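**Student:** Structure in structure tokens, see below.
The values are calculated or read from the model by the stated rules, or taken from the named source; none is laboratory data. Keep in mind it's a predicted model, so treat the numbers as computed, not measured. With ideal geometry, Cβ positions are generated from the backbone for all residues, glycine too; neighbour counts draw on all protein chains shown.
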Amino acid sequence: MHIVLVTPEIPQNTGNIARTCAALGADLHLVHPLGFSVDAKALRRAGLDYWNLLTVHHYDSLADFSDSHDEDRLVLFSSKGATPYTDIAYSADSYLVFGSETRGLPEDFVREANHTVARIPTISEARCLNLSNAVAVAAYEVVRQNSFEGLETRRD
């Protein structure tokens, strides 16, 4: 699985997402510009001792990322999406694409591309979940649908 963050702004969120990726064996893709340095203390602290378990890919722009990936495997997450995230059949190599904390994904990217656009349901008064929580919810749906393949499901 691949988690894609498009212009993330808050290092603690990205650190938490990195830790989730490490725990699941997912690759983390960071689309620049970032709102922080990847060397930032808060980013390292949030990831704790999991950074050695993580593969991170960097892209100069959303166009750079799009040009190098097959549209068929991308699932965009947006509060404006019409499809509940649980109604999507994910493969183990799906790319889950999330926008920045304050702006989400660029509207033209969501509108113009031929992607599935998923929504994590919330009450009408709540706009959306925190980015790191949304990634965790979506990522665990992918691994659940794929029978938690490669993950330790119980400890003796």
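**Student:** Identify, from the list Thr86, Thr153, the residue that is of a type in the set (Ser, Thr, Tyr) and surrounded by 13 or more Cβ atoms within 10 Å (Cβ to Cβ).
**Tutor:** Numbers: Thr153 fails: surrounded by 13 or more Cβ atoms within 10 Å (Cβ to Cβ).
Within the list Thr86, Thr153, the selection yields Thr86.
**Student:** Can you tell me which residues in the stretch 67-92 are acidic (Asp, Glu) and modelled with pLDDT of 95 or more? Write out each step before concluding.
**Tutor:** Initial filter on the stretch 67-92 (acidic (Asp, Glu)): 67, 70-72, 87.
Asp87, the sole residue that qualifies.
**Student:** Among residues belonging to the stretch 140-156 that are in a helix (DSSP H, G or I) and of a type outside the set (Phe, Trp, Tyr), point out the one that is farthest from Ala23 (Cα to Cα).
**Tutor:** Looking only at the stretch 140-156, we keep the residues that are in a helix (DSSP H, G or I), and these are 140-145.
If we keep only those that are of a type outside the set (Phe, Trp, Tyr) as well, we get 141-145.
Details: Glu141: 14, Val142: 14, Val143: 11, Arg144: 14, Gln145: 17 Å.
The selected residue is Gln145.
**Student:** Report, by residue number, each residue of the stretch 79-134 that is small (Gly, Ala, Ser), within 25 Å of Gln12 (Cα to Cα) and either part of a loop (DSSP other than H, G, I, E, B) or out of contact with any Asp or Glu (no Cβ under 6 Å at 6 or more places or on another chain) (or both). Before the answer, list the steps.
**Tutor:** From the stretch 79-134, those small (Gly, Ala, Ser) are 79, 81-82, 89, 91-92, 94, 99-100, 104, 113, 118, 124, 126, 132, 134; that's our starting set.
Add one more test, that the residue is within 25 Å of Gln12 (Cα to Cα), and what stays is 79, 94, 99-100, 104, 118, 126, 132, 134.
Answer for the stretch 79-134, where residues must be small (Gly, Ala, Ser), within 25 Å of Gln12 (Cα to Cα) and either part of a loop (DSSP other than H, G, I, E, B) or out of contact with any Asp or Glu (no Cβ under 6 Å at 6 or more places or on another chain) (or both): Ser79, Ser94, Gly99, Gly104, Ala118, Ala126, Ser132, Ala134.
**Student:** To continue, here is another question. Residue by residue through the stretch 21-62, note down the ones that are at pLDDT 90 or above and either assigned to a helix (DSSP H, G or I) or of a type in the set (S, T, N, Q) (or both).
**Tutor:** Passing the criteria: Cys21, Ala22, Ala23, Leu24, Thr55, Ser61, Leu62.
**Student:** Which one of these is closer than 22 Å to Leu30 by Cβ and either surrounded by fewer than 16 Cβ atoms within 10 Å (Cβ to Cβ) or more than 17 Å from the chain's Cα centre (by Cα) (or both): Val142, Val97, Val137? Full working, then the answer.
**Tutor:** Details: Val142 fails: either surrounded by fewer than 16 Cβ atoms within 10 Å (Cβ to Cβ) or more than 17 Å from the chain's Cα centre (by Cα) (or both); Val97 fails: either surrounded by fewer than 16 Cβ atoms within 10 Å (Cβ to Cβ) or more than 17 Å from the chain's Cα centre (by Cα) (or both).
Going through Val142, Val97, Val137 in turn, the sole match is Val137.
**Student:** Note down all Cβ pairs under 8 Å where the first residue falls in the stretch 1-23 and is hydroxyl-bearing (Ser, Thr, Tyr), the second is surrounded by fewer than 24 Cβ atoms within 10 Å (Cβ to Cβ) and modelled with pLDDT under 90, and they're at least six residues apart or on different chains.
**Tutor:** If the second residue must be surrounded by fewer than 24 Cβ atoms within 10 Å (Cβ to Cβ) and modelled with pLDDT under 90, the pairs left are Thr7/Gly35; Thr14/Phe36; Thr14/Leu43; Thr14/Ala46.
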